[in-house]
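Colleague: One structure follows; several queries about it will come next.
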Amino acid sequence: MSILTLQEAANMLRLPADPSDYPQLDILLPFVDDFIRTSTGHDWASDDAIDPTAKMLASALISRWFDDPGQMGSISDNDLGVKSLIGQLHGKALVMIDGC
């Protein structure tokens, strides 16, 4: 399971055709999940219900990296929105670990 489904990713990207017509999504979706897991310390894709903040972050990353694959795995210094979402998810992951 991924944080975003193939259809959710296609909708976010406003793709005009069937999402299966975009094989790069099959590579990008797991990469986004892995990036978020590594950045936050929690595997959000494995949760029964996907956290809305994780979906928002996955949507932001997929839209950036789909348009510019050369930037995959990186976040620009001025991308405060993405950094904020990572921080929020990291905080949620810490609470889950500590049980607070």
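The values are calculated or read from the model by the stated rules, or taken from the named source; none is laboratory data. Quick caveat: nothing in here was measured; it's all calculated off a predicted structure. Virtual Cβ from ideal backbone geometry, glycine too; neighbours counted across all protein chains shown.
Colleague: Name the single residue that is modelled with the lowest pLDDT among those in segment 8-58 being of a type in the set (Gly, Ala, Ser) and over 23 Å from Met96 (Cα atoms).
Modeller: Ala17
Colleague: Taking the conditions exactly as written (in a loop (DSSP other than H, G, I, E, B), closer than 13 Å to Ile3 by Cα and touching a residue at least 12 places away in the same chain (Cβ under 8 Å)), does Ile36 satisfy them or not?
Modeller: no
Colleague: Residues being exposed (fewer than 15 other Cβ atoms within 10 Å of the Cβ) and hydrophobic (A, V, I, L, M, F, W, C): count how many of those fall in segment 68-89.
Modeller: Total meeting the criteria: 1.
Colleague: Count, please, the residues in segment 64-82 that happen to be outside any helix (DSSP H, G or I) and within 23 Å of Gln7 (Cα to Cα).
Modeller: 3
Colleague: Look at Arg14 and say whether it is on the phi > 0 side of the Ramachandran plot and charged (D, E, K, R).
Modeller: yes
Colleague: Condition check: modelled with pLDDT of 90 or more, touching a helix residue (DSSP H, G or I) at 6+ places or on another chain (Cβ under 9 Å), assigned to a helix (DSSP H, G or I) and hydrophobic (A, V, I, L, M, F, W, C). Does Leu61 satisfy that?
Modeller: Spelling it out, Leu61 is indeed modelled with pLDDT of 90 or more, touching a helix residue (DSSP H, G or I) at 6+ places or on another chain (Cβ under 9 Å), assigned to a helix (DSSP H, G or I) and hydrophobic (A, V, I, L, M, F, W, C).
Colleague: What are the residues in segment 1-23 that are farther than 14 Å from Arg64 by Cβ and in a helix (DSSP H, G or I), if any?
Modeller: Of everything in segment 1-23, those that are farther than 14 Å from Arg64 by Cβ and in a helix (DSSP H, G or I) turn out to be Leu6, Gln7, Glu8, Ala10, Asn11, Pro19, Ser20, Asp21.
Colleague: While we're looking at this one, here's another question. Considering only residues that are surrounded by 13 or more Cβ atoms within 10 Å (Cβ to Cβ) and part of a loop (DSSP other than H, G, I, E, B), which ones fall in segment 42-58?
Modeller: Hits for segment 42-58 are His42, Asp43, Asp47, Ile50, Asp51.
Colleague: Additional query: Does Asp26 meet the test of being out of contact with any strand residue (DSSP E or B) (no Cβ under 7 Å at 6 or more places or on another chain), charged (D, E, K, R), part of a helix (DSSP H, G or I) and surrounded by 18 or more Cβ atoms within 10 Å (Cβ to Cβ)?
Modeller: So Asp26 fails the test.
Colleague: What are the residue pairs meeting all of these: first residue in segment 55-68, first residue in contact (Cβ under 8 Å) with a residue 12 or more places away in the chain and under 18 Å from His42 (Cβ atoms), second residue aromatic (Phe, Trp, Tyr) and part of a helix (DSSP H, G or I), Cβ atoms under 7 Å, and 6 or more apart or on different chains?
Modeller: Leu61/Phe35
Colleague: Okay, moving on. Residues in segment 15-71 that are over 16 Å from Gly81 (Cβ atoms) and of a type in the set (A, V, I, L, M, F, W, C): how many?
Modeller: Here the count works out to 12.
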